Amino acid sequence: QVQLVESGGGLVQPGGSLRLSCAASGSIFIIDRMGWYRQAPGKQRELVATRTTGGSTNYADSVKGRFTISRDNAKNTVYLQMNSLKPEDTAVYYCNGKIQSAWGTRASDYWGQGTQVTVSS
């Protein structure tokens, strides 16, 4: 089994910054991609940012220029640096990993438990 554990959420004022972390552990053979999604109350879960093991990144238009995703491949950890936060960034942020748990198996999607980010004055 694979576990993803997030940390770093909290309450921040508009214009502030937060850094989220997500560490993957367990039965990991290859990590294809790790990233972040978020879900605000009453809305569907949406992509925030992803990063492949090779370094390719993808960002939602709403966070480009403000958020930066990075990975420490040796630690199986992904980070999300969030700057210039806005109230509309308020959501539960979920870590996602597309992970192959053993040689010859297909990569599967794994999710963390979510961490709350609230942007409010």
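The values are calculated or read from the model by the stated rules, or taken from the named source; none is laboratory data. In this text the structure is predicted, and so the values were computed from the model without any measurement. As a convention, Cβ positions derive from the backbone with ideal geometry for all residues, glycine included, and neighbour counts pool all protein chains shown. Heavy atoms of the whole protein, side chains included, go into the accessibility calculation; ligands, DNA and RNA do not. Shrake-Rupley method; radii C 1.70, N 1.55, O 1.52, S 1.80 Å.
Once all protein chains are placed together, Ser101 keeps about 40 Å² accessible to a 1.4 angstrom probe. Surface analysis of the range 1-68 yields an accessible area of 54 Å² per residue, using protein heavy atoms and a 1.4 Å probe. About its Cα centre, the dipole of the chain is roughly 120 debye, where the only charges are +1 on Lys and Arg Cβ and -1 on Asp and Glu Cβ.
Which percent of the accessible heavy-atom area of the chain goes to carbon and sulfur, probe 1.4 angstrom? Within the chain, the accessible surface is 46 percent carbon and sulfur. Cα-based radius of gyration for the range 1-67, normalised by 2.2 N^0.38 Å, reads 1.26. In this rough spin-label picture, where each label sits 7 Å from Cα along the Cβ direction, the Asp72-Thr53 distance is 1.9 nm. What percentage of all Cα-Cα pairs in the chain are separated by more than 24 Å? Of all Cα-Cα pairs in the chain, 23 percent lie more than 24 Å apart.
3J(HN,Hα) couplings calculated from phi for the range 35-40 with the Karplus curve 6.51 cos²θ - 1.76 cosθ + 1.60 (θ = phi - 60°) are, in sequence order, x, 10, 10, 9, 9, 8 Hz; Gly and Pro show x. Listed by chain and number, the lysines whose C-alpha is less than 21 Å from the C-alpha of Lys64, apart from same-chain residues fewer than 8 away, are Lys43, Lys86.
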